[in-house]
Amino acid sequence: MTTASADQPVPSTKPAPAAAAPKKDGFATKIGRWTRRAPLQIFLMLVALAWLVPTLGLFFTSLLPADLISQEGWWKVVSDPSVATFANYRAVFDNEALVSSLWVTLQIAVGNTVLLVLVAALAGYAFAWLEFPGRDALFVVVIGLLVVPLQVALIPIFSIYNDAHLFDTVLGLILFHVAFGLPFGIFLMRNFFVGIPKDLLESARIDGASEITIFFKLMLPLALPAIASLAIFQFLWTWNDLIVALTFARDTKPITVEIFSQLRQFGTNIELIAPASFLSMIIPLVVFFAFQKSFANGLLAGSVK
Amino acid sequence: MAGVTLDRITKVYSGDQRAVSDLSLDIADGEFLVLVGPSGCGKTTALRMIAGLEDITGGELKIGDRVVNHVPSRDRDIAMVFQSYALYPHLSVYDNIAFGLKLRKAPKDEIDRRVRTAAKSLDLIDFLERKPRALSGGQRQRVAMGRAIVRQPAAFLMDEPLSNLDAKLRVQTRAEIARLQRELATTTIYVTHDQVEALTMGDRVAVMKKGELQQVAPPQELYDRPVNLFVGGFIGSPSMNMFEATLRKEADGSLRADLGGQSLTLDPELVAARTGLGAYIGKPLILGIRPEEIEDAAIDPAAPADRRLRGVLKLREALGSEIMAHLEIEATPGRTDDSAELEADLGLSALGSDDTRVATLVARFSPRSKVELGQTVEMRVDTRNLHFFDPTNGLGIYERPPADHPPAQPAATQAAGDDSVSQPEGANS
């Protein structure tokens, strides 16, 4: 009774606007639609701008000559005549500690991303398509690990690393990042693989493919979007990491730690910190934009197709 | 190339679900065998067991002389065409077709030659560089075929390969597959739920129901001599009309079948051939009449008066070449579990009337027939081709069984308890 009476008005009200909308799609409605959307769009632009200000400020600051930084404002960069100079960047590249830390960061970020993708894809495939006892229980455990914050592991693993001589090595940092990236990585890859039609695998098996062949010739190419998004996530995350490197390294410093340690508490060396920070920000951005398209595809993967 | 032998193949899923029971089939080298049956009858499971995609619970499967129960799919030397085609989306048509050969490390020029030959015979030469998503449904289907034939396997397995095509393309592709199979003379096992595909393509057709094999026979035999009610109702479109009837012996020695208030004299030829009928005189049985044996009596006025039925025309479907006439006649429909299942499979269960005194009869009238809705129509029935089934076990009645044996009650067919009439069997023959 109640559902019947509740349903009643719906058909009478709903078709009315739907029928009206396509009829008068004239100038007035376009204006109306725009003004309705405009507040949201303006708001979003303001948010984006607010987010960009520190980055832009950092960029302009990094272009100011070292002796002017403390006295002049960023507008001197765009004033006429401009005082902008790339001398600070030259100084960064002349600073051996910073250059070597960039190299260390690259090793860690690329190394752990490659290792993570490989392991997560293999594990995801196994969880999705191979039958083995305890598979589902194990997968639940993996999902459970998603909620473990990495901070709780810092001290125990520090002590393990000490015994295993992994402290202060690139490998140690890579392994830590891979370990904490795996739950999410396996989760993402497994869900992607599950969405691949079973017929494809069976067809490949009948065609004569072994599981390894199926994985490398069929699954990995099909999973490229998922792999791209996982790789970007992990790359950005580990590039920007500070706490893990701060805990597990003394001399093997990635760029974040190096910048941190070059910050002087009193006298300012902003002419070095600013360009170095900007560099450390721009590299992941470049990576992101380079893979942006596959990234978006990857997020949609499974839901749409 | 090789034959395929199934010896009491059984599949039991966890939870005691029997998907396939004791399926025995002997498929000769080069034969085209069609597995047909309503959905859920186990035909696809059977095919997947042959392919090695499902474990075999019991029985023995041989390809050629080799028992392959525990041989993985890739070593069974078979190729399969899937309903979804299962093309590799990231590979071109060429690479899709070449995939199996490359995995088997065939020499490059040999691969190229075979792929091009296959592509030529399937009319795919112009599309070799395309990706599957840029192909039409029919082209994708042909790529799937190409992927199978290029390997030159011992047997082809096809799982409803035409069901994703539109009607016109399906007819065309059906003929193409049949032609290709004849040319290659490769053993083929083809699963479908479409009886037209089954009858037109198969050298032999195996009808399955609920995991059990009902009958294996060449298409015409299946149509002419269905072993039981299920096969009788399943093969033929529209389905065979079935009524409860009683046999009566006339003074002149001829046999008459009474159904409702009407009766049909059986053709002496038929009576002579169906010696088994003698045991059913005076007893109920199920009479099957194919729609094509029924004609508007006005078209054929010479037909004898004792071979006629009357009914009221309720629906008239003019198809140009014929008129499909649905009539209500006074008789009890020959309903069993089997026919109920068939109706459910066809989505007809809602149409069946609950009145057991009125049965619906479907007839194929000549297009010259002038019958109109609501009319009482006089029909002549060709009584040379009637079918009879035992109401207790649903078995077809043909030759007289060996003297001291009552009609066997095989495990394969169990007729309904509801509408079967208990009767002493083999009392007088």
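Of note:
- The requirement of being under 27 Å from the mean Cα position of the chain (by Cα), in contact (Cβ under 8 Å) with a residue 12 or more places away in the chain and over 14 Å from B:VAL191 (Cα atoms) is fulfilled nowhere in the range B:91-102; no residue meets it.
- Considering the range B:163-282, the qualifying helices (runs of 4 or more DSSP H), each wholly inside and each with 2 or more residues that are open to solvent by 10 Å² or more (accessible area, probe 1.4 Å), run over B:167-184, B:195-201, B:219-224, B:268-273.
- Applying the condition of being within 24 Å of B:ILE235 (Cβ to Cβ) and among the hydroxyl-bearing types (Ser, Thr, Tyr) to the range B:33-79 and asking which residue is nearest to the other protein chains (Cβ to nearest Cβ) yields B:THR44.
- Total residues in the range A:80-129, condition in a helix (DSSP H, G or I) and either crowded, with 21+ Cβ neighbours inside 10 Å or among the aliphatic types (A, V, I, L, M) (or both): 32
- Odd one out for A:ALA209 among (1) hydrophobic (A, V, I, L, M, F, W, C); (2) part of a loop (DSSP other than H, G, I, E, B); (3) within 14 Å of chain B (Cβ to nearest Cβ); (4) touching a residue at least 12 places away in the same chain (Cβ under 8 Å): (4)
- Some residue of the range A:221-229 being within 14 Å of chain B (Cβ to nearest Cβ), touching a His at 6+ places or on another chain (Cβ under 8 Å) and assigned to a helix (DSSP H, G or I): yes
- B:ASP29 within 16 Å of B:LYS209 (Cβ to Cβ), surrounded by fewer than 19 Cβ atoms within 10 Å (Cβ to Cβ), touching a residue at least 24 places away in the same chain (Cβ under 8 Å) and among the charged types (D, E, K, R): no
- Contact annotation: residue pairs with Cβ atoms under 7 Å, 6 or more positions apart or on different chains, pairing a residue in the range A:151-169 that is assigned by TED's automatic domain parsing to the domain that holds A:SER100 with a partner that is surrounded by fewer than 12 Cβ atoms within 10 Å (Cβ to Cβ) and outside any helix (DSSP H, G or I), are A:ASP168/A:ARG250; A:ASP168/A:ASP251.
- Residues considered: B:SER84, B:SER24. Of these, the only one that is touching a residue at least 60 places away in the same chain (Cβ under 8 Å), closer than 20 Å to B:VAL216 by Cβ, out of contact with any His (no Cβ under 9 Å at 6 or more places or on another chain) and not acidic (Asp, Glu) is B:SER24.
- Given (1) part of a helix (DSSP H, G or I); (2) within 11 Å of chain B (Cβ to nearest Cβ), index of the condition A:VAL178 fails: (2)
- Test: residue in the range B:114-121 that is more than 14 Å from chain A (Cβ to nearest Cβ), over 19 Å from A:ARG205 (Cα atoms) and within 30 Å of the chain's Cα centre (by Cα): yes
- Within the range B:1-24, the set of residues being within 18 Å of the chain's Cα centre (by Cα) and open to solvent by less than 10 Å² (accessible area, probe 1.4 Å) comprises B:VAL20, B:LEU23.
- Yes/no for B:GLN83 being surrounded by fewer than 20 Cβ atoms within 10 Å (Cβ to Cβ), within 14 Å of chain A (Cβ to nearest Cβ) and of a type in the set (S, T, N, Q): yes
- B:THR188 being under 17 Å from the mean Cα position of the chain (by Cα) and more than 21 Å from B:ASN228 (Cβ to Cβ): yes
- Meets criteria (outside any loop (DSSP other than H, G, I, E, B), more than 8 Å from every other protein chain (Cβ to nearest Cβ) and at pLDDT 90 or above) for A:ARG190: yes
- Output for the range B:86-113, where each listed residue is at the interface with another protein chain (Cβ under 7 Å from one of its Cβ atoms) and assigned to a helix (DSSP H, G or I): B:PHE99, B:GLY100, B:LEU103
- Residue among A:ASN88, A:ASN162, A:ASN112, A:ASN95 that alone is more than 26 Å from the chain's Cα centre (by Cα), more than 30 Å from A:THR61 (Cβ to Cβ) and among the polar types (S, T, N, Q): A:ASN162
The values are calculated or read from the model by the stated rules, or taken from the named source; none is laboratory data. Here the structure is a predicted model, which is why all the values come from computation and not from measurement. Neighbour counts run over all protein chains shown; Cβ positions are idealised from the backbone, glycine included. In case anyone asks, the SASA skips ligands and DNA or RNA and just uses the protein heavy atoms, side chains included. Shrake-Rupley method; radii C 1.70, N 1.55, O 1.52, S 1.80 Å.
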